[in-house]
1. How would you rank V33, V217, V188, going from fewest to most other Cβ atoms within 10 Å of each one's own Cβ?
2. Mind checking which of Y245, Y257, Y74 has the largest fluctuation in a GNM of the chain, springs on alpha carbons under 10 Å?
3. Please report the net charge: other residues with Cβ closer than 12 Å to the Cβ of F180, K and R +1, D and E -1.
4. For the chain, set up a Gaussian network in which alpha carbons nearer than 10 Å are linked by springs, and say which option among T140, T163, T53 fluctuates the most.
5. Which order results if I197, I117 are arranged by neighbouring Cβ count within 10 Å, fewest first?
6. Rounded to whole Å and sorted largest first, list the principal axis extents of the Cα atoms in the chain.
7. Across the chain, where is the longest run that never hits trypsin sites (Lys or Arg not before Pro) in a DSSP loop with at most 14 other C-beta atoms within 10 Å?
8. Which whole-number percent is the relative contact order of segment 98-271 (Cα, under 8 Å, 6+ apart)?
Amino acid sequence: MADLPDDFNPFEHLQRTYISEFNRRVNRYFNDVQGNGDLSGPRPSLKLACLMTDNDNDAMMTMRHDLFFDVIGYGRKNLAVVYGEKFASAPPVAGHPQLFLHFSQDGAAVPEGEPLIEHEKSCRLMKFSCTSDGVQPAITKPDMVAIANEIKTLFLDAKKGITYTTGNKSASYTDPENGFPKGNYLLVNSKADATNIYSKMCNAIDVPYKGDSHVIVNDPDKASTTTATAGKSTILGKQVQNRRYRPTAILRFRYAYISLGNLVKPIFLIDTTLRNQSLVEWL
């Protein structure tokens, strides 16, 4: 190991090394900001606040470190993201019957040359099991008839399916214990439509609806597009119509069915399209 010079100051060496390494990471994180940052916007201002200088005292260095690593969150960079609570987990949904509600456009409302817009929303029937060897009682035909009659009351009006407006917003309602696990969502044009559908679903399967505050709506920057605004792309010298992005459309309830897994066919509770035999009469 080489001898250190007589005037070597370990504190100054540590401070210079620390500032150099710290600022290198700040510059890399804010590589979209020119220079040392300024007060022209949020990110330039943050970079200016994070960068350490030779004139900083210990308190300022500590504050800059905490701002960058803890408040902005650089210290959590590249760590695995863990969803949910640390000491709790959602109940498994496998083995529980799954209720599906299907919605689609009226045929007359479909623009020429565009496909029919269809959406499905599902939830799990956590009070029941698909088979007789499950943890919960196996679902029976009378159980399904009861759910079908609830859907008939809630999702049909004058013997026609109720409607809601789909759009570019994604709305989620999470209640794993009652059959609404994380990760699913409904495309809507307003939160009111989402709360209406989710509350009716809860009523149909006889579980409590936890309130509109539990419906989380994500409103993307990108607006819905139509055939005209979606534009066209040129592929192999030919113009091809781009797909619409989450178009706005009125969707009507068409049918509901229960899936008991892939060993048996789905059981249709109500089907206003008359393509499948309904479990209950609705006409």
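1. Numbers: V33 19, V217 15, V188 26.
Listing V33, V217, V188 from fewest to most nearby Cβ atoms yields V217, V33, V188.
2. Ranking Y245, Y257, Y74 by mean-square fluctuation puts Y74 first.
3. On the way: positive: K121, R124, K182, K210; negative: D175, E177.
Around F180, the charge tally is +2.
4. So, out of T140, T163, T53, the one fluctuating most is T53.
5. Working: I197 23, I117 20.
Result, fewest neighbours first: I117, I197.
6. Extents along the principal axes: 97, 56, 37 Å.
7. Working: sites that count: K77, K86, K159, K182, K222, R243, R275.
Longest gap between qualifying sites, sites excluded: 1-76.
8. Values: 299 pairs, mean separation 50.0, N = 174.
So the answer I get is 29 percent.
Read-outs: derived from the displayed coordinates by stated rules, not from any lab. Remember, predicted model here, so these are calculated numbers, not experimental data. For neighbour counting, all protein chains shown are included, and Cβ atoms are generated from backbone atoms with ideal geometry for every residue, glycine included.
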